[in-house]
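Enquirer: One structure coming up, written as structure tokens, with questions to follow.
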Amino acid sequence: MPEPVTASVRERRYRILVAGYALSSYGSYLNVVALNLYVYAVTDRALAVGAFMAVRLAAGIVAGLLAAPILARWSARPVMFWVNVVQAAVLAVLVAAPDTLRTPVLFVVSAVGGITGTVFLVALRSSVIPEMVAEDRRTWANSLMVSGRSLAMVAGFASAGVVVSLLGYTAAFLLDMATFLVCAVAVAQLPVTRRQKTDAEEDTAETASAAGAGKKRRRLPAAVVVLAGAPVLGLMVLLRGVDALGSSSHNAALPVYSTELDTDSPATFVSVFWCVWAFGNIVAQQVIQRLPRRSEQALGALGFGLGTIVMSGAFILTFAGLPWTATVLIALVAGAADGLTEVSYTQHLQALPERLRTPAFGLSATVESFGFGAGMIAVGAALDVFSPLSVVAVAHGVAIVIAVLFVALVLRRRSTPPAGAEAEGRGTGAEARAEV
């Protein structure tokens, strides 16, 4: 007799999924290092490494737009299962490819990784978590997901050099392939989720209402329609994209700044910073998971805006030349604030109506990938002329300005709630419905 899919069973299966996702994330972070080194080893050209990263980011941008149509046609479980299988398959092809085909296969691996990784994350956030976990447990679910990914990032980056130097590139690729297969097994134990309805299958009155219009049918994509009439949500997605641009600035500037601090051991500062950042992120998740229900209201739009201000400020101070003790504390704050913004943002979008949720997450993924990709190009050029502090201050300064405007808009709308907002109840879900 099959086990009844009760709330406790769903949560247990969700924990298994997060473990599989964390393991595949570990393989992905390990491969970020291994693949970049391997591209340079195969091509002997730094330009090829940049092109490899650009292909992955471009694929992620496209995947954000494709995620909603894909999840409208197929349910989340088979989509998440097959994207893991496909990622494992292309790595197997890379390992088996002859030397003459290694370069083109590498770029196929890059494109497939960008597409499948984005689609998997959109499906997880927009479909699996809302359907498997009760609304009052989404804070816990989102926080657990972020914790697993943060641990995976530290482990992946920390072990990449050891795995490649001791075992070689082939072992690193095979290890990553195995993690994707384990994640696919974890996905397979999920209950079947519902396929999301398309505009042709469901009346679009809800979309029109969210957009402030009374037409029955909309030809525009659902995410575009809702953002057009939702100033808070639209500015939130924009801020997420600008935040991604800021992230590109400190990611590119850290190696430069670390080399300036210690030319003999440039990796020391970068390694310490990311380890402390991840520790702060994990600590924040532990606090978030234990918040009383009433306090979870702070994790919506307002928490996202305030967290972005603190996070961006901390990243700017990282490059200010402060003593080590102060910089470690700043890295801890940056990680904690980053964890807060991740959970707040995800939870706010999850409170959208079902048919708008996946398009919104897909659009967000596209905006984030574009912001990070454009930022890497602009920041790389700027670091040749300006100091790391100047570049990071400008990039994250823009994020702070938009975040301040965003917080002001949220507070203004809270002080003048729309008619009927109080009747919808209190909490994160009600907050999102009232503030979009």
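The values are calculated or read from the model by the stated rules, or taken from the named source; none is laboratory data. Keep in mind that what you see is a predicted model, and the values were worked out from it rather than measured. When we count neighbours, we look across all protein chains shown, and the Cβ atoms used for this are built from the backbone with ideal geometry, even at glycine. The accessibility values were calculated without ligands, DNA or RNA, using every heavy atom of the protein model including side chains. Shrake-Rupley method; radii C 1.70, N 1.55, O 1.52, S 1.80 Å.
Enquirer: In the range 112-138, what count of residues is obtained for those that are under 19 Å from S75 (Cα atoms) and basic (K, R)?
Expert: Number of matching residues: 1.
Enquirer: On to the next question. Can you tell me which of A89, A72 is in a helix (DSSP H, G or I) and without any contact (Cβ under 8 Å) to a residue 12 or more places away in the chain? Walk me through it before giving the result.
Expert: Values: A72 fails: without any contact (Cβ under 8 Å) to a residue 12 or more places away in the chain.
Going through A89, A72 in turn, just one is in a helix (DSSP H, G or I) and without any contact (Cβ under 8 Å) to a residue 12 or more places away in the chain: A89.
Enquirer: Would you check if T318 is among the polar types (S, T, N, Q), touching a residue at least 60 places away in the same chain (Cβ under 8 Å) and closer than 24 Å to R138 by Cα? Spell out how you get there, then give the answer.
Expert: Numbers: among the polar types (S, T, N, Q): yes; touching a residue at least 60 places away in the same chain (Cβ under 8 Å): yes; closer than 24 Å to R138 by Cα: no.
Answer is no for this residue.
Enquirer: Being hydroxyl-bearing (S, T, Y) and surrounded by fewer than 24 Cβ atoms within 10 Å (Cβ to Cβ) is the filter here; which residues of the range 303-341 pass it?
Expert: Restricting attention to the range 303-341, the residues satisfying the condition of being hydroxyl-bearing (S, T, Y) are 308, 312, 318, 325, 327, 341.
Matches in the range 303-341: T325, T327.
Enquirer: Let me ask something additional. For the range 25-48, which positions are over 19 Å from T170 (Cβ atoms) and open to solvent by less than 70 Å² (accessible area, probe 1.4 Å)?
Expert: S25, A48
Enquirer: Further question: Say we look at the range 359-389 and pick out the residues that are closer than 14 Å to V237 by Cα and of a type in the set (F, W, Y); which of these is least open to solvent (accessible area, probe 1.4 Å)? Break it down stepwise before answering.
Expert: First, the residues of the range 359-389 that are closer than 14 Å to V237 by Cα: 359-372.
Of the ones still in play, those that are also of a type in the set (F, W, Y) are 361, 370, 372.
Working: F361: 7, F370: 130, F372: 54 Å².
Out of the qualifying residues, it is F361.
Enquirer: Can you tell me which of (1) at pLDDT below 85; (2) over 30 Å from G305 (Cα atoms) is the one T170 doesn't meet?
Expert: If we test T170 against (1) at pLDDT below 85; (2) over 30 Å from G305 (Cα atoms), just (1) comes out false.
Enquirer: Here's something else I'd like to know. Open to solvent by less than 40 Å² (accessible area, probe 1.4 Å) and not charged (D, E, K, R), is that true of L91? Explain how you work it out, then say what you get.
Expert: Numbers: open to solvent by less than 40 Å² (accessible area, probe 1.4 Å): yes; not charged (D, E, K, R): yes.
Answer is yes for this residue.
Enquirer: So which of L106, L65 is open to solvent by less than 10 Å² (accessible area, probe 1.4 Å) and farther than 23 Å from V182 by Cβ?
Expert: Working: L65 fails: open to solvent by less than 10 Å² (accessible area, probe 1.4 Å).
On inspection, the qualifying residue turns out to be L106.
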